[in-house]
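What follows is a short report on a single structure.
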Amino acid sequence: MKRRSGSLPSYIILFVFIAASLVANPMKNASADIERALLREKPLGTTKAQIERWLMQEKRLNPSSSQVGFLRQDPPPSRVVGVSSIKAKLGEYRRFPFQRVSIVAYWGFDEKDELIEVWVWKTIDAL
């Protein structure tokens, strides 16, 4: 009788690897979940300067600041949020086999430079 060696342990290892990769990357969470997490760290009312400093020093990101609000494109219709904004690429990951998902966050501020809204936008590019 021929013995099949290694097939069950191989499947178990593959399953553990896939499960770990899904759990280990918070960027794979839904956009709304990422928005809530960002707001827990820097709630509404936080100043623009505080968020820029936090993004650069603690998150090690390279944010870009704008003197106009950001265009929130979901849900329709699109609308401009705030009178100024910050944009930062949070990261990206690959979806098997040929797609790349980019995650960008936008922070919108009122005329007092206080945070009024956060939006996380995920885009998918095929390679």
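Details
- Straight-distance crosslink candidates among lysines, where the alpha carbon sits under 25 Å from LYS28 and sequence neighbours closer than 8 are dropped: LYS42, LYS59, LYS87, LYS89, LYS122
- Using the Cβ-Cβ distance between SER31 and SER10 with R0 = 30 Å, the FRET efficiency computed as 1/(1 + (r/R0)^6) comes to roughly 0.30.
- Ranked list, fewest to most other Cβ atoms within 10 Å of each Cβ, for ASP110, ASP74, ASP33: ASP74, ASP33, ASP110
- Length-normalised contact order of the stretch 27-126 in % [C-alpha pairs under 8 Å, at least 6 apart]: 28 percent
- Straight-distance crosslink candidates among aspartates and glutamates, where the alpha carbon sits under 17 Å from LYS112 and sequence neighbours closer than 8 are dropped: GLU52
- Stretch gain in nm, segment ARG94-GLN67, where the contour uses 0.36 nm per residue and the Cα spacing is subtracted: 6.5 nm
- Seen from LYS89, the other residues with C-beta closer than 14 Å to its C-beta sum to a net charge of +3, counting Lys and Arg as +1 and Asp and Glu as -1.
Throughout, read-outs are computed from the coordinates displayed, never taken from laboratory work. Remember, it's a predicted structure, so these values are computed and weren't measured experimentally. Don't worry about glycine lacking a Cβ; one is built from the backbone with ideal geometry, like all the others, and counts go over all protein chains shown.
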